[in-house]
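To start, the structure under review is shown below, and the notes come after it.
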Amino acid sequence: MRAWDAQQIAVLTGAELIREGSPHGEEPGPRGVVLDSRRITPGALFIGIPGQREDGGAHAAAALEDGAWGVLARPEHATGACADGRGGTVLAHPDPLLALQVLARAWREQLVAAGASVIGVTGSTGKTSTKDILAALLAPFGTVAASPENLNTEIGLPLAILAAPPDTRTLVLEMAMRGPGQIAELTELADPDVGVIVNVGHAHLELLGSLENIAAAKAELIAGLRPGRSIVVPACEALLEPHLRDELETITFGPQGDVQLISRLEDGEVLIGASGMEIRLHPSFEQAHHLSNLLAAVAAARALGHTPSGPLEVVFSAMRGQRADVGEGVLMIDDCYNANPMSMRAAIDDLTETARGRPVAVLGDMLELGPGAAELHREIGRHARARGVELLVSVGPLGAEIAAGFGGESRSVPDAPAAAELLPGLLRGGDTVLLKASRGVGLERVAEALRAAGPLAGAVPGQN
């Protein structure tokens, strides 16, 4: 963005250029875009977006004081920023969010003109992990820019685009869905060359009412792709079949798919079949759900004409299954960023298949599941018992339904702070403990408590 001067940004966005000038007089354009005035870096363009509680534009003057290249805000805030007499470009726009999105489209077009490709990733669960795998898988083929953390909404996705460096060869964008029309809006912003739908599950069931409606919302990605582009979908996913289009190249992954796992070798390597071609990879992970995500990523890479091979070191985003020793041989699996029935089952399976000692699960409420939420939670409890979880700590009122379905040794607590207080005293040396719930439950407090404790005061060594 450094080549875009104030006049160009005004023309691109339709903003009124009230004042032109860098506070340091060094560069014609901004180094990047910032929405939070507390995170201003020298040379950034601060865009003040109105929120539910306050208008970010009210901090425009403070952003200039902190070294912003310039500010873009509603007219009343832009005028106020000028009145304070601080240097820097000032732009006024009646809809700063729209201006942000327009800038992102323009930057995407510039990247594509220079040879970049765009991949859009959505799904009920695993989309962030698939994005992380794609970023590592495609790195040997040129600079990859992927959505940081969870910048996956109508505000976050434009920021992810604008953060991509000029030499980007692949832009991997995560797309979140809160309701009908959301994925369509994000697809229009991203204009992907390849779309990936990782899966369709019960997430947002309360809002959308049925799995068919969830599939239709995810399939807005299919509907928004331009003819001749590619869509990657799970093999034999009947919910998506009505939405597939003949004008697109459809690539399936998973059992019976175009891209499927042939075998897992003893040294950790995997052999993948891709439309008659054999691909050998050595990923840094072995969990079954991540291997499924790997197949989706390989399918997307093949759609761009790339054939990955060799070692694959993936750094997953925070709270997505990271493993950490927390003392006395206790292994913690921090998977508490979010949860729905599909991801909860996958995490439980991973726990029981890889536990080096007693499998312990700390499971909390899965939110936004609608009228059938209690039974869906009880089903998770039954699944945990059947898979061999030996101790369950349930968190929250719906979490108590997990315990009701579990029927084995369990403790129920009302919230995350209570779980953080209780858990250390229940653990034994050598346990493997999984933490998973919807984001609103806040199980990261439990993870922080375990990490901070060092050797667990309550853990009893050597009882496994």
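Given the criteria touching a strand residue (DSSP E or B) at 6+ places or on another chain (Cβ under 8 Å), surrounded by fewer than 21 Cβ atoms within 10 Å (Cβ to Cβ) and touching a residue at least 60 places away in the same chain (Cβ under 8 Å), does A190 qualify? So A190 does not fit the description; no. Please verify whether the stretch 415-429 includes one or more residues that are touching a residue at least 12 places away in the same chain (Cβ under 8 Å), assigned by TED's automatic domain parsing to the domain that holds M332 and at positive phi. No, every residue in the stretch 415-429 fails to be touching a residue at least 12 places away in the same chain (Cβ under 8 Å), assigned by TED's automatic domain parsing to the domain that holds M332 and at positive phi. Helices (runs of 4 or more DSSP H) fully within the stretch 65-142 that include at least 3 residues being surrounded by fewer than 21 Cβ atoms within 10 Å (Cβ to Cβ) and not charged (D, E, K, R): 75-83, 96-113.
Residue count for the stretch 168-187, restricted to those that are in contact with a strand residue (DSSP E or B) (Cβ under 9 Å, 6 or more places away or on another chain) and under 18 Å from V102 (Cβ atoms): 4.
State the number of residues belonging to the stretch 245-274 that are under 21 Å from D191 (Cβ atoms), more than 24 Å from the chain's Cα centre (by Cα) and not acidic (D, E). Can you show your working first?
Looking only at the stretch 245-274, we keep the residues that are under 21 Å from D191 (Cβ atoms), and these are 245-251.
Filter again for more than 24 Å from the chain's Cα centre (by Cα), leaving 245-249.
Within this subset, residues satisfying the condition of being not acidic (D, E) are 245, 248.
Here the count works out to 2.
Annotation: H306 fulfils all but one of (1) in contact with a Phe, Trp or Tyr (Cβ under 9 Å, 6 or more places away or on another chain); (2) of a type outside the set (S, T, Y); (3) surrounded by fewer than 19 Cβ atoms within 10 Å (Cβ to Cβ); (4) under 28 Å from L211 (Cα atoms); the unmet one is (4).
Conditions tested, residue by residue: (1) touching a residue at least 60 places away in the same chain (Cβ under 8 Å); (2) surrounded by fewer than 19 Cβ atoms within 10 Å (Cβ to Cβ); (3) within 23 Å of K127 (Cβ to Cβ); (4) among the acidic types (D, E).
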| residue | (1), (2), (3), (4) |
| --- | --- |
| N338 | yes, no, yes, no |
| D349 | yes, yes, yes, yes |
| L369 | yes, no, yes, no |
| S394 | no, no, no, no |
| S410 | no, no, no, no |
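Considering the stretch 122-146, and only residues there that are at pLDDT 95 or above and of a type in the set (S, T, N, Q), the residue that is farthest from the chain's Cα centre (by Cα) turns out to be T143. When residues in the stretch 306-356 are screened for being in a loop (DSSP other than H, G, I, E, B) and not acidic (D, E), 23 of them pass. Note on the stretch 322-336: residues that are of a type outside the set (D, E, K, R) and surrounded by fewer than 22 Cβ atoms within 10 Å (Cβ to Cβ) amount to 5.
For the criterion of being polar (S, T, N, Q), touching a Gly at 6+ places or on another chain (Cβ under 7 Å) and not assigned by TED's automatic domain parsing to the domain that holds M344, S124 passes. Of all the residues in the stretch 101-130, those that are touching a strand residue (DSSP E or B) at 6+ places or on another chain (Cβ under 7 Å), within 28 Å of A216 (Cβ to Cβ) and either hydrophobic (A, V, I, L, M, F, W, C) or without any contact (Cβ under 8 Å) to a residue 60 or more places away in the chain (or both) number 3. Checking T143, T153, T170 one by one, the residue that is among the hydroxyl-bearing types (S, T, Y) and in contact (Cβ under 8 Å) with a residue 60 or more places away in the chain is T170 and no other.
The values are calculated or read from the model by the stated rules, or taken from the named source; none is laboratory data. Note that the coordinates shown come from a computational prediction; the quantities given were computed from them, not determined experimentally. In this analysis, Cβ positions are derived from the backbone assuming ideal geometry, glycine residues included, and neighbour counts consider all displayed protein chains.
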